[in-house]
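Here is the structure we will look at, set down as structure tokens.
The values are calculated or read from the model by the stated rules, or taken from the named source; none is laboratory data. These figures come from a predicted structure and were not determined experimentally. Note that we place each Cβ from the backbone using ideal geometry, even for glycine, and neighbour counts take in every protein chain shown. Quick note on the areas: whole protein, heavy atoms, side chains included, nothing else; ligands and nucleic acids left out. Shrake-Rupley method; radii C 1.70, N 1.55, O 1.52, S 1.80 Å.
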Amino acid sequence: MVQSTAHSFKDNAREALGDAQLQRALSNVPKGFIDKRAKARDGLPEFDALRDAGRDIKNHTLAHLDLYLETYERKVAESGGVVHWARTAEEARNAILDICRERGARTVTKGKSMVSEEIGLNDALEAADIEPVETDLGEYIIQLRHETPSHIIAPAVHLSKDQVEESFREAHTELPADRDLTEPVSLLHEARQILRQKYLDADIGITGANFLIAETGTSIIVTNEGNGDLTQTLPKVHIVLATIEKVVPTLEDVSTILRILARSATGQEFSSYTTFSTGPRRADDPDGPEEYHVILLDNGRADVLGTEFQEMLRCIRCGACLNHCPIYHAVGGHAYGWVYSGPIGAVLDPALIGVEEAGSLPNASTFCGRCEEVCPMRIPLPKMMRHWREREFEKHLSPASVRTGLGLWAFMARRPGLYRAATRLAMGALKALSGGRGRLSSVPLAGGWTRYRDLPAPQGKTFQALWRERQHG
Amino acid sequence: MADDGTDARTAVMGRIRRHLKVSDGPEDEARRAAVRSRLERHARNLVPARADGDDAHRLALFKTMLERADATVTEVATPDEVPQAVAEFLRNHNLPFQIRTGADTALAALPWDRVPTLEIGHGAAEASDQASLSHAFAGIAETGTLALHSGQDNPTSLNFLPENHVVMVDADRIVGTYEDVWDRLREVFGEGIMPRALNMVTGPSRTGDIEQRLFLGAHGPKRVHVIIAGSGKAR
């Protein structure tokens, strides 16, 4: 699996906050995504009811996952494809490398796939002397820069146009050095021109899958660029890399979920391309791959079933929770330190790489609840982050100061009289400390807060005192 | 390798069943029945009301949604007018008078002699092709989406490789929703069977990967032009 730096989330975040270029790029995220989603939601009166329907479809599927996978596998075989099961990232990589070696592949084009990031596929291909070429524009850019995606659907959202230009000039040395790349559209044309030849030259095309359909043995990719389709149509072999929770029962079921996917992701009514692939080239097909393989990967998902985290397996990777998350807006995706970032990363990463490694991610949440509010699959993200915090606490992974503080708070909370007296006292003290300015620039034990901003000084009475007044008044 | 694969399958299935607290035995029949029934019935879930209405409503919605997705649309009264509409598109965009198409019999039957200078290539797309012509299996009104399936009639590469994609849709093939397409596909291919590729195309290719700015024509076509044939309406 790909190396994680999730354990140093705090340091990563601090660094991200001080990175002026990154902060400029991140300011595009709320601008670009939030309004578009809201508009798409408002344009479809059934939007929220479809979210409920989507949730129900996935809940039913997860409860019968073994049986739907069995059916899916049988249908893939009936259409002439092959399913390869993989328990771990390593098994998935090996299955892909075996296919590549048997076909003597030298170049592999790739559609966008977060799972391929999860299993560190590009490094494995390179180590086997096979050139992987990312064909999604954002993925291509970050591949040139030897970076990882910082967003589920917008992998290069952390970069500026100037950085892209710099990378293209460095990589495309065969093109005239004095060419004009000042407009973003010229960057797009250049990438289009370079990648076009790659599609035609590739021996194997690898894509992910947004969904797998049990009824028909079909894999689906949802894209806007068309790169995934060229990737899977032109080479002789198409490999689909998918995880077990991607299965849905029927064409009707997937239609329901597709209606909320694009709207939640980019605010489009429907993505430019939604492609349903079933097996290899048929007898009278003039194009399409001669072989069709599906790598069906578990990598920790099965162990999430039946736990309080099962609902995370409903995720359809739309990225809406990232787009609406104030923490993601502030630090970007790389700070999370592993493949999946934002709120879904904070619940998924600890499940896939362990709470010891990624346990600090859920701690960043302010529990503002926006992620749950926009999640098309109604995943209770804040609740799950709370569960991870509990796990981290139970495993004694949180720092001693946090544990002592919480212990002290628990002691007080169980003694209401004492609690009320103490809060009254503390409020008075803080008010006095502020010296009538209404704010405090330093507070004992709260340096982490006051180093960056003032703490508003308490005004008037405690919450509990006000509550009591209201109840009686 | 086959042994490893089998082991992996057994292990993953075992893990799923253990965590779901289910078995693979006869007592599992209720679960199997639930799955069988869902697959056989393939019932519609909630379907948006947007496309409800008569043919005229669906046609109007289809056109509106196509244009919203940055496609262009022409209506011709009868299929016989399609060759001129294709020629007009090529002329308007200053494109070479060449187009590639598959072995679709409806397209082949059109009066191409009305545009004698148009060169028609057949088969899968080639890298040098600038424009292609497909015959859609269906048009979906709810989002202005074209449904095209693979086969010698309409090769998949025609939908993606050339920069200009012209698509003929028969007016009586404009349906309301995705679910309507599934019904028609099952009639043609049978229950539980799909063509190798079913492409749902909603406008030209696009990307927002550089600073969130939207550009058309990323890797697929820069233009998608839809000719609706047989609505009885002249251009």
Which residues, counting only those in the range B:63-74, are surrounded by 15 or more Cβ atoms within 10 Å (Cβ to Cβ) and either among the β-branched types (V, I, T) or on the phi > 0 side of the Ramachandran plot (or both)? B:D70, B:T72, B:V73, B:T74
In the range A:115-233, which helices (runs of 4 or more DSSP H) lie fully inside it and hold 1 or more residues that are modelled with pLDDT under 95 and open to solvent by less than 10 Å² (accessible area, probe 1.4 Å)? A:184-201
Suppose the filter is in the same structural domain as B:L216 (by the TED database) and in contact with a Pro (Cβ under 6 Å, 6 or more places away or on another chain); does B:L110 pass it? yes
Please find, among B:R213, B:R173, B:R184, B:R223, the residue that is open to solvent by 10 Å² or more (accessible area, probe 1.4 Å), more than 9 Å from every other protein chain (Cβ to nearest Cβ) and farther than 21 Å from B:T64 by Cα. B:R184
Report every pair of residues separated by at least 6 positions or lying on different chains whose Cβ atoms are under 6 Å apart, first residue within the range A:425-450 and in the same structural domain as A:R14 (by the TED database), second of a type in the set (V, I, T) and open to solvent by 80 Å² or more (accessible area, probe 1.4 Å). none
Count - residues of the range A:18-45 that are out of contact with any Pro (no Cβ under 9 Å at 6 or more places or on another chain) and open to solvent by 100 Å² or more (accessible area, probe 1.4 Å): 5
Across the range B:154-195, the tally of residues that are more than 15 Å from the chain's Cα centre (by Cα) and polar (S, T, N, Q) stands at 1
I'm trying to understand the selection: among the residues of the range A:381-409, which are of a type in the set (A, V, I, L, M) and either farther than 26 Å from A:C321 by Cβ or in contact with a Gly (Cβ under 6 Å, 6 or more places away or on another chain) (or both)? A:L397, A:A400, A:L406, A:L408
Quick one: A:Y419 ticks every box in (1) open to solvent by 100 Å² or more (accessible area, probe 1.4 Å); (2) over 24 Å from A:A346 (Cβ atoms); (3) aromatic (F, W, Y) bar one, so which box is it? (1)
Being surrounded by fewer than 14 Cβ atoms within 10 Å (Cβ to Cβ) and either among the acidic types (D, E) or part of a loop (DSSP other than H, G, I, E, B) (or both): is that true of A:P458 here? no
Residue list for the range A:59-68, filter: within 11 Å of chain B (Cβ to nearest Cβ), in contact (Cβ under 8 Å) with a residue 40 or more places away in the chain and not β-branched (V, I, T): A:H60, A:L62, A:L65, A:Y68
Which one of these does A:V108 not meet: (1) crowded, with 20+ Cβ neighbours inside 10 Å; (2) away from every other protein chain (no Cβ under 13 Å); (3) within 23 Å of A:G337 (Cα to Cα)? (3)
Tell me whether the range B:218-232 contains one or more residues that are basic (K, R) and within 26 Å of A:G80 (Cβ to Cβ). no
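Only one of B:L198, B:L133 is assigned to a strand (DSSP E or B), facing chain A (nearest Cβ under 7 Å) and open to solvent by less than 30 Å² (accessible area, probe 1.4 Å); which?
It is B:L198.
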Does the range A:208-228 contain any residue that is more than 9 Å from every other protein chain (Cβ to nearest Cβ), touching a residue at least 12 places away in the same chain (Cβ under 8 Å) and hydroxyl-bearing (S, T, Y)? yes
Would you please name the residue that is farthest from B:L107 (Cα to Cα), looking only at residues in the range B:73-83 that are touching a Leu at 6+ places or on another chain (Cβ under 8 Å) and not charged (D, E, K, R)? B:V73
Name the single residue, out of those in the range A:283-293 being touching a residue at least 40 places away in the same chain (Cβ under 8 Å) and surrounded by fewer than 24 Cβ atoms within 10 Å (Cβ to Cβ), that is farthest from B:T101 (Cα to Cα). A:H293
Say we look at the range A:422-436 and pick out the residues that are open to solvent by 80 Å² or more (accessible area, probe 1.4 Å) and at pLDDT below 85; which of these is farthest from A:G460 (Cα to Cα)? A:L433
Could you give me the residue pairs with C-beta distances under 6 Å whose first residue belongs to the range B:177-204 and is farther than 22 Å from B:S132 by Cβ, whose second residue is open to solvent by less than 20 Å² (accessible area, probe 1.4 Å) and part of a loop (DSSP other than H, G, I, E, B) wherever it lies, and which are 6+ apart or on separate chains? B:T177/B:E142; B:G192/A:E215; B:G192/A:T216; B:M194/A:T216; B:M194/A:T278
Can you tell me which residues in the range B:80-110 are open to solvent by 50 Å² or more (accessible area, probe 1.4 Å), more than 16 Å from B:N164 (Cβ to Cβ) and part of a helix (DSSP H, G or I)? B:D80, B:Q84, B:T105, B:A108
Hey, does the range A:51-58 have a residue that's more than 10 Å from chain B (Cβ to nearest Cβ), touching a residue at least 12 places away in the same chain (Cβ under 8 Å) and open to solvent by 30 Å² or more (accessible area, probe 1.4 Å)? yes
Only one residue in A:T275, A:T256 is in contact with a strand residue (DSSP E or B) (Cβ under 6 Å, 6 or more places away or on another chain) and facing another protein chain (nearest Cβ under 7 Å), so which one is that? A:T275
Go through B:A77, B:A60 for me and flag whichever is of a type outside the set (K, R) and either open to solvent by 30 Å² or more (accessible area, probe 1.4 Å) or under 22 Å from the mean Cα position of the chain (by Cα) (or both). B:A60
